[in-house]
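Following: one structure in structure tokens, then a few remarks.
The values are calculated or read from the model by the stated rules, or taken from the named source; none is laboratory data. What you see is a predicted model; the values in this text were computed from it and never measured. Backbone-built Cβ (ideal geometry, glycine too); neighbour counts: all protein chains shown.
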Amino acid sequence: MGQDITCLITDKNLELNRDIVHFKVQGFTFIPFNTSCDLGLEEAKDFEFLKDYIRYLESRDSFENYTYNRDNDHCDIDIFRMIKNYQIENFIIEHHSEWADIPVDYYFMQVTEGRIVKNSLVFDESEQSKTNKAHVPESKRNFGLHFDWLANTDLFYSYFHADRVYTLLQKK
């Protein structure tokens, strides 16, 4: 089994409920999610502003049906509901999964000051995504993320691993 992790990363210092698995690392708040479905970021390419994309997601399915539960699977609506509830306008969503060190899935999205950064969206194997994937290191640097958080497998190997570490840290 390989690494499989999805994280919402923001430079905002969030005061989150203790039930929400999260870590503060080098000035960033990392919120891992147990994604069990496609993140659906492809649709974001049709929107300039985050608020419009969230409104679109809400029109398809009520956000009220998705309450964060750290023991259940999460999907894109769980992530965007948290973004809306905490009024996060600067963030990165990154998902990486691999099997036997072979990359399987990769998704990426950057939002800056409520604007979706179009050339940051990686959501499938299309040419647009492949071109955008080349911009990911630049997107991370522009966001201020100057370290490879995915290399920190002590925290970010999988959601379940992160949850276990978070629980141990809460007991201290």
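Could you please give the count of residues in the range 120-141 that are of a type in the set (S, T, N, Q) and crowded, with 18+ Cβ neighbours inside 10 Å? Going through the range 120-141 one residue at a time, the tally reaches 4. Residues in the range 118-149 that are under 12 Å from TYR106 (Cβ atoms), in a helix (DSSP H, G or I) and within 16 Å of the chain's Cα centre (by Cα): 2 in all. Can you find even one residue in the range 38-61 that is at pLDDT 95 or above and of a type in the set (Lys, Arg)? Yes, the conditions are met somewhere in the range 38-61. Can you tell me which residues in the range 70-90 are modelled with pLDDT of 80 or more and either over 16 Å from MET109 (Cα atoms) or assigned to a strand (DSSP E or B) (or both)? Within the range 70-90, ASN85, TYR86, GLN87 meet the criteria. So, of the residues in the range 21-37 that are surrounded by 15 or more Cβ atoms within 10 Å (Cβ to Cβ), out of contact with any Leu (no Cβ under 8 Å at 6 or more places or on another chain) and outside any strand (DSSP E or B), which turns out to be modelled with the highest pLDDT? So the residue we want is VAL21. Would you pick out the residues in the range 103-113 that are more than 16 Å from THR6 (Cα to Cα) and surrounded by fewer than 16 Cβ atoms within 10 Å (Cβ to Cβ)? Selection gives GLU113 alone.
Within the range 1-29, residues that are farther than 25 Å from VAL104 by Cα and among the charged types (D, E, K, R) have Cβ atoms under 6 Å from residues that are modelled with pLDDT of 90 or more and outside any loop (DSSP other than H, G, I, E, B) in these pairs: ASP11/PHE28, counting only partners at least 6 apart in sequence or on another chain. Quick check on the range 38-55: of everything there that is part of a loop (DSSP other than H, G, I, E, B) and either touching a residue at least 40 places away in the same chain (Cβ under 8 Å) or on the phi > 0 side of the Ramachandran plot (or both), which residue is surrounded by the most Cβ atoms within 10 Å (Cβ to Cβ)? Within the range 38-55, the match that is surrounded by the most Cβ atoms within 10 Å (Cβ to Cβ) is LEU39.
To keep it simple, each residue is scored yes or no on (1) closer than 12 Å to ASP4 by Cβ; (2) without any contact (Cβ under 8 Å) to a residue 24 or more places away in the chain.
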{"position": "ILE88", "(1), (2)": "no, no"}
{"position": "ILE92", "(1), (2)": "no, no"}
{"position": "GLU98", "(1), (2)": "yes, no"}
{"position": "ILE116", "(1), (2)": "no, no"}
{"position": "GLU127", "(1), (2)": "no, yes"}
